[in-house]
Structure formats: C-alpha cells, structure tokens
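Single-structure report; data block below.
The values are calculated or read from the model by the stated rules, or taken from the named source; none is laboratory data. Not measured: the values here are computed from a predicted model. Neighbour counts run over all protein chains shown; Cβ positions are idealised from the backbone, glycine included. Areas reflect the complete protein model, heavy atoms only, side chains present, ligands, DNA and RNA absent. Shrake-Rupley method; radii C 1.70, N 1.55, O 1.52, S 1.80 Å.
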Amino acid sequence: MKDTMKACNLHRIGDLRYEDVSAPKIGPDEVLLQVKAAGICGSDIPRVFEKGTYHFPTIPGHEFAGLIVDAHPEDKELVGKKAAVFPLLPCGRCEACQIGEYPQCHDYDYYGSRRDGGFAEYLAVKKWNLVPVPDGVPYEHAAMCEPCAVSIHALSQAGIVLGDTVAIFGAGTIGLLAAQIAQGWGAGQVALIDVDDTKLAFARKLGFTHTVDSKTVDAAEYIRGITGGRGADVVLEAAGVSATLAGCLNAAKTFGKVVLMGNPAKNMEIPQKAYWEILRKQLSLRGTWNSSYNDARNDWRLAIQCMDNGVLKLEELITHRFSLADCGKAFDLARQRKEFSVKIMFVTK
Ligand SMILES: [Zn+2]
Ligand SMILES: [Zn+2]
C-alpha cells in the first residue's frame, strides 16, 4: 500500500480537484475498501457547486462499492470480499438509534459529506457499514445500492398489493428504480409521469408502456383511463414540486396511498381543490426518508438481492462512465444537463 492515493477532493465550493492525498489507514473496526465504482448522486451537484461539504477539504461520494483489500488480523476473512457501503454512521445513543432506525439519528456522520467518501481510490470503512455483494452483482450495480434502497424504502411505506396500479410522478433515476421495484412487488400496472419527454422516451425504452407527459396530458385522467375510472392504488411523489403533489392527489383512488419522497426545491403548496381530494377520498399521505438498515428490516440487503435476482435491471441506467481523473468533465455533464444522463459513474479498473 502506497502512502498516497488519487482522489477528487473538494477544497471549496466549486473547487473539486483530482489530486494526490494521503492514503487512509484503517482504524478500529474498519477495513480498507478499494473503490471500484462510485456514482454521482443528484445531491452531489448542490454539494459540490452550491452548498459545499461540512468542512474542507472533503472527498465527496456516498454511492460506491468496492473490494476489501485490507483488514485487521481478526477480520482477515473479509479481505477479497465485495461490498457496498451504507454511508451513514449513527451516534448509537439517540432515540432513533435505540430502535435501529438510523436515518432518523440526531447526530450522525456520513461518508461523502461530513467525512471523506468514495470518489477516491481507497476508503477506510467501518465493518458495520459493509453490505455484502455476491459475485454475480457487478461493482457498478452495487454502487447504486443507495438509490435502490431509498426506492425500496419509499414503496414499502405504501404496502403494494398484487395487481395494484402504481403511479410514479418523476421519471428520474429514483423514479425508474421505483418503477422496477413496484413491478417486482407485483404491481399490475406502473405509470411514469414527467414533464421531460426525453426521460419518458428513455422509460419506454426500458419497457414501461404507461408514460405520461403531464405538460400535454392530464395525468389523473390518464390514470383513471387505465383503471376503469378508479385512480391509482399507490402514488409516489418523486419530484418535490407543488404541481406534482397536486397531480398525485388527483391521480390517487379513493382510500389510495400517496408516498411523499421528492426533495422540495421550495415551498410545497396544495391548491384548495387538490386538498379536497385528501379529505373526500380519505387519502393516506406518508413521508419517506432514506432507508432502513437494521436486522429486522434492511433495504440495503434487499436492494442487493433485487440486483442478484433480476428485479432491478441497472445496466441500462448507467449512461456514462468516467475515471476519477475526469471528475471535472463528469460533474459538468451532471450539472449542465446538455446531454441526457441517468446515472453517471466513476469506475476504476
Ligand atoms: Zn445518493
Ligand atoms: Zn443516533
């Protein structure tokens, strides 16, 4: 092991540098992970260009997977194993931690935002955060464990029943993953709604037949059209936009379930008419945040299982691959959106 390694290091807002940094040393309960694939998350764009990380410099990247290349003598059996990484390090003391719901922890640490993450050749990772990856699942897929786990967690809030019609508002990465998960859960029909026809065309390429451009088509009417006038059993708001929320409330059936997932860019407002829909149809609205990671319920292990058994088909979602050295190009592509992309990934040989 050399003393230095290559990494994309954020020095200031907008100042991401590919450079030599000191190589990590493993502390107590840690193993050394050689990062093989690391995805750029939507949340990395504001993190790098607008908000920054909690301190500088920090190596971003919270969606990654790799090979365990070193461990303490008592953990030597882990060396040579593939792993994805749950990026949250909980405090272990607060009320949420006591019941194992770590994303609600009041005082957590995080690989790739509060401490160094996966846009590097190596990272020292706590054993507790390792998610085992079977041989059949490629690193690039395992690196998408986070968005997959988040999508699984969101839909688990709704309890999809065999044959349900599921309407997903927002056809970005998460929306597409959620659509696959909904099918895996036994949904009879899955509809994807967006205002971006490029995204919808891509969804059709993946095999989703019910795609709705809500700029030109009334989504609720479309959903009623494919459900004998009833509306969707389950609706997922994956855009974080007021107009979309109203669309979700309109598209849900009587006693339907609406899961709120999209991060709001500004205030979320509900028009009076849409508000009546909540009341009259006695809708259940439920928020979702991150994912569960405990022994009773582990969306991360489930995500890997869904990759292994083919419920999740990730290959086509990875539209761009870069080496770490090209982090400038990769982030420009992600930010400027001049070219269509779904998942942009750093890969190392
Ligand atoms: Zn992410
Ligand atoms: Zn805690």
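So which of ALA243, ALA232, ALA158 ends up being among the small types (Gly, Ala, Ser) and in contact with a Gly (Cβ under 7 Å, 6 or more places away or on another chain)?
Within the list ALA243, ALA232, ALA158, the selection yields ALA232.
Determine whether LYS76 is open to solvent by 10 Å² or more (accessible area, probe 1.4 Å), of a type in the set (D, E, K, R) and touching a residue at least 60 places away in the same chain (Cβ under 8 Å).
Criteria not met by LYS76.
Which residue pairs have Cβ atoms under 8 Å apart, sit 6 or more places apart or on different chains, and have a first residue in the stretch 1-18 that is farther than 17 Å from GLU50 by Cα and a second that is open to solvent by 30 Å² or more (accessible area, probe 1.4 Å) and of a type in the set (Gly, Ala, Ser)?
Short answer, once both residue conditions are applied: ASP3/SER22; THR4/SER22; MET5/SER22; LYS6/ALA325; TYR18/ALA325; TYR18/GLY328.
How about the stretch 100-217: which strands (runs of 3 or more DSSP E) wholly inside it have at least 3 residues that are surrounded by fewer than 24 Cβ atoms within 10 Å (Cβ to Cβ) and not charged (D, E, K, R)?
Correct list: 130-132.
Mind checking which residues of the stretch 250-276 are closer than 25 Å to VAL150 by Cα, in a helix (DSSP H, G or I) and among the hydrophobic types (A, V, I, L, M, F, W, C)?
ALA251
Give all pairs with beta carbons closer than 7 Å in which a residue from the stretch 48-73 that is open to solvent by 50 Å² or more (accessible area, probe 1.4 Å) meets a residue that is among the hydrophobic types (A, V, I, L, M, F, W, C) and assigned to a strand (DSSP E or B); count only pairs at least 6 apart in sequence or on separate chains.
Hits for this filter: PHE56/LEU10; PRO57/LEU10; VAL69/LEU32; ASP70/VAL31; ASP70/LEU32.
For residues that are in a strand (DSSP E or B) and small (Gly, Ala, Ser), scanning just the stretch 79-98, find the one that is surrounded by the fewest Cβ atoms within 10 Å (Cβ to Cβ).
That would be ALA83.
From the list ALA238, ALA325, which residue is within 19 Å of HIS62 (Cα to Cα), aliphatic (A, V, I, L, M) and modelled with pLDDT of 95 or more?
Matching residue, one of ALA238, ALA325: ALA325.
Exactly one of these conditions fails for LEU279: (1) touching a residue at least 24 places away in the same chain (Cβ under 8 Å); (2) outside any loop (DSSP other than H, G, I, E, B). Give me its number.
(1)
Since PRO132 meets every condition but one in (1) within 20 Å of ALA296 (Cβ to Cβ); (2) away from ligand 2 (no atom under 16 Å from the Cβ); (3) under 17 Å from the mean Cα position of the chain (by Cα), which condition does it not meet?
(3)
Quick one: LYS36 ticks every box in (1) part of a strand (DSSP E or B); (2) farther than 21 Å from ILE174 by Cα; (3) within 16 Å of ligand 1 (Cβ to nearest atom) except a single one, so which number is it?
In the conditions (1) part of a strand (DSSP E or B); (2) farther than 21 Å from ILE174 by Cα; (3) within 16 Å of ligand 1 (Cβ to nearest atom), LYS36 misses (3) alone.
Taking GLY287 as the residue in question, decide whether it is modelled with pLDDT of 95 or more, exposed (fewer than 13 other Cβ atoms within 10 Å of the Cβ) and under 30 Å from GLN98 (Cβ atoms).
yes
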